[in-house]
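Shown next, in structure tokens, is the structure this report addresses.
The values are calculated or read from the model by the stated rules, or taken from the named source; none is laboratory data. Keep in mind it's a predicted model, so treat the numbers as computed, not measured. Cβ: placed from backbone, ideal geometry, glycine included. Neighbour counts: every protein chain shown. Heads up: the accessible areas ignore ligands, DNA and RNA and are worked out on the full protein's heavy atoms, side chains in. Shrake-Rupley method; radii C 1.70, N 1.55, O 1.52, S 1.80 Å.
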Amino acid sequence: MSSLELTKTYLIRNALIPYNDEIVKKDLLIENGKIAEISDKIRKQITFDVIDSKGQFLFPGFIDIHTHLNCKIGKFWVADNYESGTEIAVDNGITTLFNFITQSKVEDPSITYLSEIESLKKQKVYCDVYFHFTPFKENYLEVLSKIDNNFIKIIKLYTTYKQAGLYYSYKEIEEIFKKFKNKNFTYLIHCEDEEQLNKDIFEVVEFSKPYSHAIARSKSAEIIAVREILELAKKYKQKVHFVHISTPQAAIDINKAKSQGVDVSCETCPQYLILHDELLSEENGHIYVCSPPLRSKNIVKKNRELLVNEIFDLVATDHCAFLKKDKDNWQKDFRNIPNGLPGIGALPHVVFNLFDDFSYNNLLKIYRLLCENPAKVTGIYPKKGKIEIGSDASFVCFKVFKHNTVKIRSTYQDCYDPYENFSSKLKINFVISNNRLFTKSKNDGEK
């Protein structure tokens with residue numbers, strides 16, 4: 001994409017926007033990076049930049065609340081830093097990313113947080129980046145007690161990865177929920193039951209087969225952990241968001257608890273909506289290894305149905321890209337494969353592809369999945385995720401097609417791209433992020 005610095009005041013004309021639960025055509029006046037006026041026709045004397053959206057759709061910039069950038073996982077560095085991760089984001093209409101900070105030693109959490117912000121500032125960044133925080137496990141109660149909730153609002157916890165030092169037992173999570181009841185944290189939970197995973201590994205016969213990864217991390221492990229955390233969320237009235245849900249039953253359980261007044265939500269990821277476990281049995285099956293693993297075609301089909309019916313609150317990528325050389329260095333034991341897939345660039349395209357038509361009702365569903373709900377879950381709504389006076393002027397302008405016409409690319413790094421053979425019904429016209437207008441050339445990204 002090419003970019004252009006915008007003036008402090010500019011006008012967007014003829015935009016079809018989500019507004020008061022409808023899709024309506026409006027003009028938007030932007031002043032100092034905020035929406036200053038929304039009207040059917042703004043008639044002020046025009047002495048500033050005017051962008052004509054030509055009756056195309058204009059949404060708040062898409063949001064991906066689950067990325068792993070600029071970090072080391074196990075013995076491998078992820079492929080994307082903040083520059084490359086935000087570049088692929090903006091090129092695909094995403095103007096806000098949430099990345100994970102995992103504390104690796106005992107120190108004041110604000111020091112860990114500020115250190116990552118300094119790393120961010122040293123790189124060229126194309127969109128807004130926020131953070132989730134995983135406390136140092138060996139001293140987690142002390143670390144959490146020191147957190148200023150105005151500074152760090154979202155805590156990530158794991159019910160697995162004991163060897164990596166990330167595992168929290170249900171008893172420990174209960175202790176956290178109870179002790180920090182007044183902190184008003186939002187808890188992001190990775191749900192795979194450690195005890196069940198220890199049983200699953202004994203079902204593996206061939207460690208040299210990537211498909212064994214799916215056997216070693218069963219759907220039961222996810223369902224068990226989700227149910228345990230739901231009980232704790234209900235008991236202690238804590239706000240919990242379940243990340244990368246891959247099984248329909250877990251999503252249904254979460255939705256049921258939500259309908260009963262429990263403050264919970266959940267996401268699924270592009271890989272659990274279009275990829276499937278048979279890919280793990282192919283010649284290069286190792287390139288599809290991620291956790292939770294890819295599921296069966298029947299499960300994927302059901303996940304798609306649940307998404308279209310808004311049982312999942314949102315879609316996030318769990319973008320965790322590794323270089324080809326690192327994915328290939330697994331020495332014929334699936335346990336050595338770095339777990340993770342790229343996904344940022346694929347996010348909106350996969351979601352749009354799941355809808356058979358783009359009625360205004362379906363477009364509003366997509367708006368909630370990619371804009372409104374991610375902003376609400378992470379506490380940045382209505383600054384982000386909504387078009388209203390006072391909200392940030394971060395936008396994606398797009399048009400949609402009846403047939404797939406646009407190539408999908410999920411990262412610009414030298415990675416295996418699980419979506420390289422897919423195309424999209426969505427074409428980005430322009431993106432506005434941090435007062436810059438990003439536009440694609442006429443044929444960029446088309447077949």
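I'd like the full set of residues that are part of a helix (DSSP H, G or I) and open to solvent by less than 70 Å² (accessible area, probe 1.4 Å), limited to the stretch 116-158.
Matches in the stretch 116-158: Glu116, Ile117, Ser119, Leu120, Lys137, Asn139, Tyr140, Leu141, Val143, Leu144, Ser145.
What are the pairs with Cβ atoms under 8 angstrom where one residue, in the stretch 405-425, is within 19 Å of Leu69 (Cβ to Cβ) and the other, located anywhere, is in a loop (DSSP other than H, G, I, E, B) and of a type in the set (Phe, Trp, Tyr)? Sequence gap at least six, or different chains.
The qualifying pairs are Arg409/Tyr419; Ser410/Tyr419; Cys415/Phe322.
Could you figure out which of (1) open to solvent by less than 10 Å² (accessible area, probe 1.4 Å); (2) of a type in the set (A, V, I, L, M, F, W, C); (3) part of a strand (DSSP E or B) isn't true of Leu437?
(1)
Could you check how many residues of the stretch 84-109 are open to solvent by less than 40 Å² (accessible area, probe 1.4 Å), outside any loop (DSSP other than H, G, I, E, B) and polar (S, T, N, Q)?
5
Going through the stretch 392-434 one residue at a time, which ones are in a strand (DSSP E or B) and among the charged types (D, E, K, R)?
Asp392, Lys399, Lys407, Lys427
Regarding Asp277, is this residue in contact with a strand residue (DSSP E or B) (Cβ under 7 Å, 6 or more places away or on another chain) and charged (D, E, K, R)? First the steps, then the outcome.
Details: in contact with a strand residue (DSSP E or B) (Cβ under 7 Å, 6 or more places away or on another chain): no; charged (D, E, K, R): yes.
The answer is no for Asp277.
In the stretch 181-232, how many are assigned to a loop (DSSP other than H, G, I, E, B) and either buried (at least 18 other Cβ atoms within 10 Å of the Cβ) or on the phi < 0 side of the Ramachandran plot (or both)?
Number of matching residues: 17.
Check Asp326, Asp318, Asp313, Asp277 and return the single one that is closer than 23 Å to Lys256 by Cβ, open to solvent by 10 Å² or more (accessible area, probe 1.4 Å) and in contact (Cβ under 8 Å) with a residue 60 or more places away in the chain. Outline the logic, then answer.
Working: Asp326 fails: closer than 23 Å to Lys256 by Cβ; Asp318 fails: closer than 23 Å to Lys256 by Cβ; Asp277 fails: closer than 23 Å to Lys256 by Cβ.
Answer to the check: Asp313.
Only one residue in Lys41, Lys54, Lys25 is open to solvent by 50 Å² or more (accessible area, probe 1.4 Å), under 13 Å from Ile387 (Cβ atoms) and either in contact (Cβ under 8 Å) with a residue 12 or more places away in the chain or more than 27 Å from the chain's Cα centre (by Cα) (or both), so which one is that?
After applying the criteria, what remains is Lys25.
Taking Ala36 as the residue in question, decide whether it is open to solvent by 10 Å² or more (accessible area, probe 1.4 Å), more than 21 Å from Thr439 (Cβ to Cβ) and part of a strand (DSSP E or B).
So Ala36 passes the test.
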